[in-house]
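Shown next, in structure tokens, is the structure this report addresses.
The values are calculated or read from the model by the stated rules, or taken from the named source; none is laboratory data. None of the values given here were measured: they were computed from a predicted structure. Here the Cβ positions follow ideal geometry from the backbone for every residue, glycine too, while neighbour counts run over all protein chains shown. Note: areas computed on protein heavy atoms with side chains; ligands, DNA, RNA excluded. Shrake-Rupley method; radii C 1.70, N 1.55, O 1.52, S 1.80 Å.
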Amino acid sequence: MTDTPEPTKAHFRSDVTVDLVKSAAADSDVLFAARVSTAGEQSLEEVTKDPERSKGLINFLMRDRHGSPFEHNSMTFFISAPIFVFREFMRHRVGWSYNEESGRYRELEPVFYVPGESRKLIQQGRPGKYEFVEGTPEQHELTSRVMEESYRQAYDAYQEMLAAGVAREVARAVLPVGLFSTMYATCNARSLMHFLGLRTQHELAKVPSFPQREIEMVGEQMEQHWQNLMPLTHAAFNKNGRVAP
């Protein structure tokens with residue numbers, strides 16, 4: 001008689017998390033970088049003068065798309081999200097640096113993404129012109145049940161190979177893109193604005209965007225951290241249609 005293996009103790013999540021690990025980012029970084037073109041070494045003295053004038057300068061730079069002054073800052077985020085989010089995320093290359101946890105060097109934890117009740121499930125229309133609408137309770141139940149069953153089966157297969165001595169870098173191939181991963185992502189305000197313009201929907205955006213909801217959830221949290229650090233720059237971004245300079 002053989003023992004029945006214990007079911008996988010998987011954890012299912014419908015959220016993502018974004019923590020601001022460190023930053024060197026303030027509206028003043030934009031100001032001294034911009035004013036050096038006319039004030040030279042005196043540009044640092046201009047930073048604390050006339051807040052309204054500073055607000056106007058940042059808006060001018062954003063409006064007329066003088067982008068380089070928005071690069072003299074840095075933000076590092078620690079992000080926990082499904083792997084499929086990171087594969088979209090890493091298409092953003094200019095002004096970004098990434099380091100993600102590795103399935104070659106550590107045993108991956110059984111934490112998986114299942115859409116929450118607020119996640120719209122049904123796609124209507126043709127590619128390039130479609131919308132998502134609410135799913136029925138039955139569709140949500142089906143999605144959760146099938147995903148959870150599939151995740152458990154995949155993770156059991158992963159554990160079976162590891163127990164047999166198969167290398168982690170080989171065994172991980174059976175794991176789905178709904179598995180949660182973590183990474184550090186570092187950017188500046190200009191690269192973040194470009195990301196937000198593509199990966200979030202917003203009523204003030206001049207150019208419409210149609211992001212997958214899960215990466216938009218990451219973008220919304222990153223934007224809140226950035227808004228707290230650089231409120232004048234964030235306000236100018238919104239005022240000028242959420243287009244990166």
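Things to note:
- Scanning the stretch 136-153 for residues that are in contact (Cβ under 8 Å) with a residue 12 or more places away in the chain and either in contact with a strand residue (DSSP E or B) (Cβ under 7 Å, 6 or more places away or on another chain) or closer than 17 Å to residue 120 by Cα (or both) yields 139, 140, 143, 144, 147, 148, 151.
- Leading residue by the ranking (surrounded by the most Cβ atoms within 10 Å (Cβ to Cβ)) among those in the stretch 218-242 that are touching a helix residue (DSSP H, G or I) at 6+ places or on another chain (Cβ under 6 Å) and in a loop (DSSP other than H, G, I, E, B): 230
- Some residue of the stretch 127-139 being open to solvent by less than 30 Å² (accessible area, probe 1.4 Å) and among the β-branched types (Val, Ile, Thr): no
- Condition check for residue 165 on (1) of a type in the set (Gly, Ala, Ser); (2) modelled with pLDDT of 95 or more; (3) within 24 Å of residue 87 (Cα to Cα): one failure, at (3).
- For residue 214, the criteria (1) over 30 Å from residue 9 (Cα atoms); (2) of a type in the set (Asp, Glu); (3) surrounded by 18 or more Cβ atoms within 10 Å (Cβ to Cβ) hold in every case but one, which is (1).
- Total residues in the stretch 158-217 satisfying the condition of being part of a loop (DSSP other than H, G, I, E, B) and either over 24 Å from residue 63 (Cα atoms) or under 12 Å from the mean Cα position of the chain (by Cα) (or both): the figure is 11.
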